[in-house]
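The values are calculated or read from the model by the stated rules, or taken from the named source; none is laboratory data. Given the structure is predicted, the values throughout are model-derived calculations rather than measurements. Virtual Cβ from ideal backbone geometry, glycine too; neighbours counted across all protein chains shown. We work out accessible area using only protein heavy atoms, side chains counted, and drop any ligands, DNA or RNA first. Shrake-Rupley method; radii C 1.70, N 1.55, O 1.52, S 1.80 Å.
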Amino acid sequence: MSKIELFESERATEYNQFVETWIPNYHYFLDLLPKLLRETKQKDLLVVGCGTGNEIERFINTPEQWTITGVDPSPEMIKQASEKLQVHHNITLIEGLVSNLDPEKKYNIATLLLVLHFLDDNGNKLNLLKDIANRLVPGATFVMLDITGNKSQIKQNLEVLKLLLPEGLNEEQISQRLKRIENELFAVSEERLSELLQEAGFEAPVRFFQSAIYMGWLTKKK
Ligand SMILES: C[S@@+](CC[C@H](N)C(=O)[O-])C[C@H]1O[C@@H](n2cnc3c(N)ncnc32)[C@H](O)[C@@H]1O
């Protein structure tokens, strides 16, 4: 079973403002998703760690009809996602882990955005990636967005991130957040991420997006 980083009460409520502040080009990245995935034949999408449903929202007003399952272990995040998305019959939201999903049900596409850096690399990252691979058909597309880089890349890109932050944040807040990213979250290098993905049953990934410490990755299930 994979580890959980729970997002509760205020952390869930303030989540959207938080990501907009700290992830430059976050909305731009989300807007790319339907375009990136529109060529896939089947539109059966699994959104892992769907949070408040930000990535799911992008698939609502598209010419293609998507069937979407969002899964997240945080009751608060799922509650917020449900409030936004419950009117849409093609969207199912499940409070839980990927390992709780019906093992017989297979998806054609999966996303994992801003989740993997909460899990350490002592088996937890690999377990989550394997759980996802087990829910996908061979050839399924998998998209990730995560803090990526070796220690020196992260250090340098944190300096870039600092330059891109919106006006009005206080220095103390900035320094605390940057320290947390550097010392408490579990970023892995590009090479290690590629190894983990391949060990979990995916092809070597391609990096198609970068904004400071955040990299977007695309791969397929073998
Ligand atoms: C930073 S949020 C990202 C939410 C959303 N993907 C987005 O981009 O807005 C991380 C989410 O991962 C969820 N999470 C934590 N551990 C998880 C796990 N093992 N499997 C799936 N989701 C997990 C948290 O509950 C939280 O909603």
Task: Top-ranked residue of the range 126-152 - restricted to ones that are near the ligand (Cβ under 10 Å from one of its atoms) and in contact with a Lys or Arg (Cβ under 9 Å, 6 or more places away or on another chain), ranked as farthest from residue 34 (Cα to Cα) - done: 127
TODO: Among residues belonging to the range 48-82 that are away from the ligand (no atom under 12 Å from the Cβ), modelled with pLDDT under 95 and farther than 19 Å from residue 28 by Cβ, point out the one that is least open to solvent (accessible area, probe 1.4 Å).
DONE: 64
TODO: With the checklist (1) polar (S, T, N, Q); (2) closer than 24 Å to residue 20 by Cβ; (3) touching a strand residue (DSSP E or B) at 6+ places or on another chain (Cβ under 9 Å) in hand, flag the one item residue 108 doesn't pass.
DONE: (2)
Open item on the list: Restricting to the range 83-107, and then to whatever is under 17 Å from the mean Cα position of the chain (by Cα) and closer than 26 Å to residue 39 by Cα, can you tell me which residue is farthest from the ligand (Cβ to nearest atom)?
Closed with: 107
Task: Selection within the range 28-47 - within 16 Å of the ligand (Cβ to nearest atom), in contact with a Phe, Trp or Tyr (Cβ under 6 Å, 6 or more places away or on another chain) and either open to solvent by 10 Å² or more (accessible area, probe 1.4 Å) or assigned to a loop (DSSP other than H, G, I, E, B) (or both) - done: 34
Open item on the list: Just to check your reading of the model, which residue among 78, 56 is over 26 Å from residue 189 (Cα atoms), touching a helix residue (DSSP H, G or I) at 6+ places or on another chain (Cβ under 8 Å) and either among the charged types (D, E, K, R) or in a helix (DSSP H, G or I) (or both)?
Closed with: 56
- [ ] Mind listing whichever residues of the range 196-210 are more than 20 Å from residue 109 (Cβ to Cβ) and touching a helix residue (DSSP H, G or I) at 6+ places or on another chain (Cβ under 7 Å)?
- [x] 199
